[in-house]
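First the structure, in the form of structure tokens, and then the observations on it.
The values are calculated or read from the model by the stated rules, or taken from the named source; none is laboratory data. Computed from a prediction, not measured in an experiment: that's the story for all the values here. In this analysis, Cβ positions are derived from the backbone assuming ideal geometry, glycine residues included, and neighbour counts consider all displayed protein chains.
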Amino acid sequence: MPLLLACFGCGLMFGAGLLISGMTQPEKVLGFLDLFGAWDATLAFVMAGAVAVAATGFALARHRGAPVFAPGNLWPARNDIDTPLVTGAVLFGLGWGLVGICPGPALVNLAGFSLPIVVFVVAMALGMVGFGLLPTRSASSGTVNPTITSRADG
Amino acid sequence: MHNLTPVSGLLGGALIGLAAASLMLLTGRIAGVSGIFGGLLAWQPGDRAWRLAFVAGLIVAPLIATLAGAPLPRPAMSANLALVAVGGLLVGFGSRMGSGCTSGHGVCGFARLSVRSIAATLIFMGTAVITVAVVRHGFGS
């Protein structure tokens, strides 16, 4: 139960950060991505603030060794740049550039329950489920993927 | 640069970073929203409650903000729902295929100095910049 409360609290804080930073507004995000228009650099400030605080916290987490409410830290294990990473990032960037919304802001915006955001979240979920239905490469080699955590970076 | 909001950007960003740091320090998990939400949709028994709790926090945040007088978020989006749906499909599929999105690769990956995440972030940002340039300014058409 403390684990679930911690996750809920972190989600709440993450959502508040997205709201305060303005990153739940597609026009702020698209304004950053629009290098050839009235450029809005806000997203760079958001990233700078987020990365600085997260890096400090992660350094502390590595120093401590284990988290408070779980047996160990699930650091992503991979560091290779493979084809799915590149292809996935291109497809993600295409969708992000078209609409100006990524998964975090999509879920925060869901609270307003406007039609476009509901359409976006349903489509996003379908895209995620669709990818999950594809046969995985590790399965074709006869081995079951041993860990859930090492496959995902975030 | 008339739209720039650096103070709220830095403050909100710091809060996002604090949330990512807290999730690692308290639960040992990476705050990657596409991974957390995508894992919720995949069938992984015993691994869904914490994901649901985090996603619930994201959705409840604006509801609590209304108590402080903030309006519910109703983002200004394209009226073209087909375009919105295509964007959503690409964001969902691409983030799972690429193992992360702006939070997992962007914030947490940069904070970990992960080469893989930094590469992914530069690729999706570059692609998004080109997409916006083509859509808004018709470059290449």
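In table form, for the structure just shown:
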read-out: Some residue of segment A:31-50 being more than 7 Å from every other protein chain (Cβ to nearest Cβ) and modelled with pLDDT under 95; value: no
read-out: Candidates B:G104, B:G100, B:G92, filtered to the one that is assigned to a loop (DSSP other than H, G, I, E, B), crowded, with 24+ Cβ neighbours inside 10 Å and either of a type outside the set (A, V, I, L, M) or facing another protein chain (nearest Cβ under 7 Å) (or both); value: B:G100
read-out: From B:A42, B:A119, residue being surrounded by fewer than 24 Cβ atoms within 10 Å (Cβ to Cβ), at pLDDT below 95 and closer than 20 Å to A:P76 by Cα; value: B:A42
read-out: Options A:L98, A:L110, A:L91; residue that is without any contact (Cβ under 8 Å) to a residue 60 or more places away in the chain, surrounded by fewer than 20 Cβ atoms within 10 Å (Cβ to Cβ) and not in a loop (DSSP other than H, G, I, E, B); value: A:L110
read-out: Unique match (being more than 7 Å from chain A (Cβ to nearest Cβ), without any contact (Cβ under 8 Å) to a residue 12 or more places away in the chain and assigned to a helix (DSSP H, G or I)) among B:A128, B:A82, B:A119; value: B:A82
read-out: Flag for B:A61 being surrounded by 23 or more Cβ atoms within 10 Å (Cβ to Cβ), out of contact with any strand residue (DSSP E or B) (no Cβ under 7 Å at 6 or more places or on another chain) and under 19 Å from A:L12 (Cβ atoms); value: yes
read-out: Residue match in segment B:9-19 (condition: under 21 Å from A:V46 (Cα atoms), among the hydrophobic types (A, V, I, L, M, F, W, C), out of contact with any Phe, Trp or Tyr (no Cβ under 9 Å at 6 or more places or on another chain) and surrounded by fewer than 16 Cβ atoms within 10 Å (Cβ to Cβ)); value: no
read-out: Tally, over segment A:24-43, of residues that are in a helix (DSSP H, G or I) and crowded, with 16+ Cβ neighbours inside 10 Å; value: 9
read-out: Condition met for B:V55 (touching a residue at least 12 places away in the same chain (Cβ under 8 Å) and closer than 14 Å to A:M124 by Cβ); value: yes
read-out: Hits in segment B:40-55 (condition: at the interface with chain A (Cβ under 7 Å from one of its Cβ atoms) and either over 15 Å from the mean Cα position of the chain (by Cα) or within 14 Å of A:P105 (Cβ to Cβ) (or both)); value: B:L41, B:A42, B:Q44, B:D47, B:A49, B:W50, B:A53, B:V55
